[in-house]
Structures are given as structure tokens and as C-alpha cells.
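Here the structure is laid out as C-alpha cells; the discussion comes afterwards.
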Amino acid sequence: MLEPIIEVKNLTKTYKAAQKKFRQKTSYIHAVKNINFQVLPGESFGIVGESGSGKSTIAHLIMGINKVTEGEIIFRGRNIAQLSRGGEREICRNLQIVFQDPYSSLNPKKSIEWTLTEPLIIHSIGTKASRKEKVIEVLEEVGLGESYLKKKPHELSGGQRQRIAIASALILEPEVIVIDEGVSALDVSIQASILNLLNELKEKHKLTYIFISHDLNVVQYFCDKIAVVYLGDLIELFQTEEFHQEEHAEYTKKLFNAIPDVSFTSRTS
Ligand SMILES: Nc1ncnc2c1ncn2[C@@H]1O[C@H](COP(=O)(O)OP(=O)(O)O)[C@@H](O)[C@H]1O
Ligand SMILES: [Mg+2]
């Protein structure tokens, strides 16, 4: 049996809601409640659900961007739920994230070279010369190249910016990349090229993906397994290829029925 690379046990995140009125009793938002799942090495594990269902919360908890309220996140056999991101460098390196909007994750004032070199400096990797070599190598891997070194984010298209975001996740040679709505802001044809790139990189670097999207069409096309979340609950989990052989929750059926007739694959061919 393959050991999971990531296992989430009873994962719960509760936020304090903003108080609307003076002296109002504090209320809580259960962004995610008792979530359990396992991700196997080499898998593209999909998390799908409507906006507000808790997907980004799960991503941020796994990444250590937000603090876990309760539960465990086991990464390679070790519970990392309570470890701080800053203090645990090896773990930071092994888990990377790509956000929906590279505008918010790329510094608008800095060159692409700066953006891609920064993680190497933070982790004290290489010399000045070897870092530059690595940056160029990664730029080529994401289908760009040396000519992008001096460019700033505003000089790039949405798809190119997303390639830079992928390059900056890739440069630390992680084992797992969390992709939170990573293609949602892009046109369908660009989405397809980014998904193809992600698949190539996955093969080449033996990556594991946790792929988050509100778009079931994309998740169905891209992922081996799909976890459906609704209002903070994981309501079901299935192998993508077995979807049609199983009974599903009403919510999942509704999500699937909302998919237009034209499938993602045929739109991109
Ligand atoms: N920092 C926060 N403070 C309070 N509530 C939050 C915070 N972040 C998310 N939430 C709430 O948690 C729920 C899940 O949000 P989120 O994980 O962003 O969902 P999704 O990514 O699926 O759209 C929502 O109700 C959202 O309003
Ligand atoms: Mg989100």
C-alpha cells in the first residue's frame, strides 16, 4: 500500500465573526469542520465546492498560512498542524502554493528575476551565479525563458503571470503544490495550456497536486480524485473515473448538472 504524502485528520478552522453591534455576543464561523482526507504521492487531488465552502481555508491551513483550530495535518508521517511556517524551513520548501491571482502574489515593483531569486535567497540555496542559472532553467520549464528576467508583472499577460507563479512554486523543488483556483481567472484556452503545463511538470518532477477550484469541469478534467466541500463539510470523496458508477449527494449532483454540455476536453482540442 502506498503511504499518503498528506493526511488531514478532523481538520477544523473557526473564525471569530466581526461584531456588527456594540456588545453583541461573539459569534463564530466554522470555515471548515472535521475534514478528513488522504493524498497519495503523485496524485492530483481535487477539492471542489461553491464560493465560501472552505476550500481556500483548507489550502491555507495545509500551507501554514493560517493556524489550525483543531485537527492534524500529517505530512510524510509528521503532524505539521501546529508548526509555524517561518520556523520549519524544510517543510516550507516541500509544500508550495499557487494562488488564483498572481497579481497579489507577485510584487508589482520587482522584476521576474527578483521574484524567482527571492525564495532561493530565503532558503540560502546556491551562489549568485547558480541561482541565476536555476531561475533561467525554471523560466524555460514553464515555457518562458531568459528574455523574461527583467520584465515586471504588468508587462505580462494573465497566463504568463500564472506561469511565473508556477515557476516560483517550482523553484524550491517541492513535493506538493497546492493550486488554489490557479486557472480560474484565465480564459478557457489559456486554462488548458496551464493545465497541460502542470501535467508535464508533474510527470517530470514527480509532483503531487492539491488542486482547488469552484469549477467542477476543470477538476473533473485534471484530477484523479475529487473531494466535494459544502459549507465547511467534506460531503463526499470519489475517484474521478468512478463518478458515474456511484450514488452521489444531492449537492454533488447539482454541481455536476450545472456543467454545460460541452466538456472541457472537447473545448480545448
Ligand atoms: N479571515 C477570515 N475571517 C473570518 N471569516 C473568514 C476568513 N476567511 C474565510 N472566512 C469565512 O470562511 C468561509 C470559507 O471561506 P473560504 O475558505 O475562503 O471559501 P472558498 O475558498 O471555498 O471560497 C467563508 O464563510 C468565509 O467568509
Ligand atoms: Mg477560495
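Would you mind checking the stretch 145-172 for residues with the amide N under 19 Å from a putative spin-label position 7 Å along Cα→C-beta of S189? Once the point is set 7 Å along Cα→Cβ of S189, 156-163 turn out to lie under 19 Å by backbone N, inside the stretch 145-172. Largest mean-square fluctuation among L207, L156, L237, in a Gaussian network model of the chain whose springs join Cα atoms under 10 Å apart, belongs to L156. Leaving out ligands, DNA and RNA, and with a 1.4 Å probe, what % of the accessible surface on the chain is carbon or sulfur? Taking all protein chains in place, the chain shows 48 percent carbon and sulfur surface.
Shown in residue order for the stretch 30-45 are the 3J(HN,Hα) couplings computed by the Karplus curve 6.51 cos²θ - 1.76 cosθ + 1.60 at θ = phi - 60°: 8, 5, 9, 10, 6, 7, 10, 6, 10, 10, 8, x, x, 7, 9, 9 Hz (x for Gly and Pro).
For the chain, modelled as a GNM whose springs connect Cα atoms under 10 angstrom apart, the maximal fluctuation among E241, E113, E137 occurs at E241. Protein heavy-atom accessible surface, 1.4 Å probe, per residue over the chain: 52 Å². What is the log10 of I(q)/I(0) for the stretch 116-269, computed with the Debye formula using one identical point scatterer on each Cα and no solvent, at q = 0.14, 0.15, 0.21 Å⁻¹? Those come out to -0.78, -0.86, -1.38, one per q. Among the listed pairs K33/K202; K150/K206; K110/K150; K109/K134, a Cα-Cα separation exceeding 19 Å is found for K33/K202; K150/K206; K109/K134. Computed over the stretch 6-256, the P(r) curve from all C-alpha pair distances, binned at 5 Å from the origin, holds 1, 6, 13, 16, 18, 16, 13, 8, 5, 2, 1, 0 percent per bin. For the stretch 4-132, the Kirkwood hydrodynamic radius comes to 17.1 Å, computed from all pairs of different C-alpha atoms.
Distances between every pair of Cα atoms in the stretch 168-210, grouped in 5 Å steps from 0 to the bin holding the largest one, split as 5, 22, 30, 26, 13, 4 percent.
Estimated purely from DSSP H runs of n ≥ 4, each contributing -39500 (n - 2.57), the mean residue ellipticity at 222 nm for the chain is -10000 deg cm²/dmol once divided by its residues.
For the chain, the relative contact order comes to 24 percent (Cα pairs under 8 Å, sequence separation of at least 6).
The values are calculated or read from the model by the stated rules, or taken from the named source; none is laboratory data. Bear in mind that the values here come from a model prediction, so they are computed numbers and not experimental data. So basically every Cβ, Gly included, is an ideal-geometry build from the backbone, and we count neighbours across all protein chains shown. Just so you know, the surface numbers come from the protein's heavy atoms only, side chains and all, with ligands and any DNA or RNA stripped out. Shrake-Rupley method; radii C 1.70, N 1.55, O 1.52, S 1.80 Å.
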